[in-house]
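Below is one structure, written out as structure tokens, with a few remarks after it.
The values are calculated or read from the model by the stated rules, or taken from the named source; none is laboratory data. What you see is a predicted model, and the numbers here were worked out from it, not measured in a lab. Every residue, glycine among them, receives a Cβ derived from its backbone with ideal geometry; neighbour counts consider all protein chains shown. The accessibility values were calculated without ligands, DNA or RNA, using every heavy atom of the protein model including side chains. Shrake-Rupley method; radii C 1.70, N 1.55, O 1.52, S 1.80 Å.
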Amino acid sequence: MGRPMEGVTNVTQPTMTVYTPHGKNTGAAVVVFPGGGFQILAIDLEGTEVCNWLTSKGITCVLLKYRVPSVPYVWQCDCRPHNLATSLASLQDAQRTIGLVRWHAKEWHIDSHKVGVLGFSAGGYLVAEVSTKFKHRLYAPVDAADQESSRPDFAIAIYPGHLTTAHATLNPNVPVSRDTSPTFLLQAEDDNTDGVDQSLVYYAALKNAGVPVEMHLYAQGGHAFGLRRNKLPISQWPDLVEAWLGTIGIIQRDPGQLL
């Protein structure tokens, strides 16, 4: 039996924790959005464990503890929407965090042109939101950090949700354009929480807009597997992400790495 997941909820004050890379610093940074349906945050499975992996690859990890429950996604009431609405509070927190990372880039030894995002499940939807809604802040500016761009230089969505309508079309609250961030998608076909159509619909929209996109679909894996290794091939997905980051020029590829 696997380790239990640690969940955090009732987050009213967002925080970000910066994890510095081990050994060589690639200059890249990734803001991590744990999943949890905008009700909780899977803070270890899809948070601290992810940062441990990223920092081992020379990448600065910024773990965002965004506000949850995030209106209008509140499970305890009968007001929960049709799962396509903008997660306003969490998206505000994501925009603010990306700006802060760029503002502190020199201090944190980060290349301000290599700031990306990685999210799981609801956090994967947040990845798509911040990758498409970056032209305007959804809150009043606080300081100079809010003058920095909130557009991620790259985006990684693992078993994302909230991206497709009942008619198998893209969620209109994710306005894909040619300026949307280059994106990596991964999902299992037996994901019964957020079906594989989530990635398929988003991939098609990105492709049609001319956005660089790479997608990996696996027969088995289910949902909420994080980075915890098992016997299934899908658990090797971090290797695919690392290779992709090399192909788009975010990190230097290992010359001995398989194509």
Give, as residue ranges, the strands (runs of 3 or more DSSP E) completely inside the stretch 154-259 that count at least 1 residues that are of a type outside the set (A, V, I, L, M, F, W, C) and under 26 Å from ASN83 (Cβ atoms). 183-188, 213-218
So, of the residues in the stretch 174-214 that are touching a Lys or Arg at 6+ places or on another chain (Cβ under 9 Å) and within 19 Å of PHE120 (Cβ to Cβ), which turns out to be most open to solvent (accessible area, probe 1.4 Å)? VAL213
List the number of the failed condition for ASP146; all other conditions in (1) more than 14 Å from the chain's Cα centre (by Cα); (2) closer than 30 Å to GLN236 by Cα hold. (2)
Could you say whether any residue in the stretch 206-219 is over 16 Å from ALA155 (Cα atoms), of a type in the set (Gly, Ala, Ser) and out of contact with any Gly (no Cβ under 9 Å at 6 or more places or on another chain)? yes
Could you tell me which numbered condition THR26 fails, if it satisfies all but one of (1) outside any strand (DSSP E or B); (2) within 18 Å of the chain's Cα centre (by Cα); (3) within 26 Å of TRP237 (Cα to Cα)? (2)
Starting from the stretch 25-47, keep only residues that are in contact (Cβ under 8 Å) with a residue 12 or more places away in the chain and among the acidic types (Asp, Glu), then list their pairs with residues that are open to solvent by 10 Å² or more (accessible area, probe 1.4 Å) and not in a helix (DSSP H, G or I) whose Cβ atoms are within a distance under 7 Å, requiring at least 6 positions of separation or different chains. ASP44/MET5; ASP44/GLU6
Residue within the stretch 159-169 that is of a type outside the set (A, V, I, L, M, F, W, C), surrounded by fewer than 20 Cβ atoms within 10 Å (Cβ to Cβ) and touching a residue at least 12 places away in the same chain (Cβ under 8 Å) present: yes
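Here is a check on your reading of the model: is LEU64 under 26 Å from LEU240 (Cβ atoms), free of Cβ contacts under 8 Å to residues at least 60 places away in the same chain and crowded, with 22+ Cβ neighbours inside 10 Å?
Yes; evaluated as a whole, the condition is true for this residue.
Say we look at the stretch 99-133 and pick out the residues that are in a loop (DSSP other than H, G, I, E, B) and acidic (Asp, Glu); which of these is least open to solvent (accessible area, probe 1.4 Å)?
ASP111
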Among (1) open to solvent by less than 60 Å² (accessible area, probe 1.4 Å); (2) touching a residue at least 60 places away in the same chain (Cβ under 8 Å); (3) more than 25 Å from GLY47 (Cβ to Cβ), which single condition is TRP244 missing? (3)
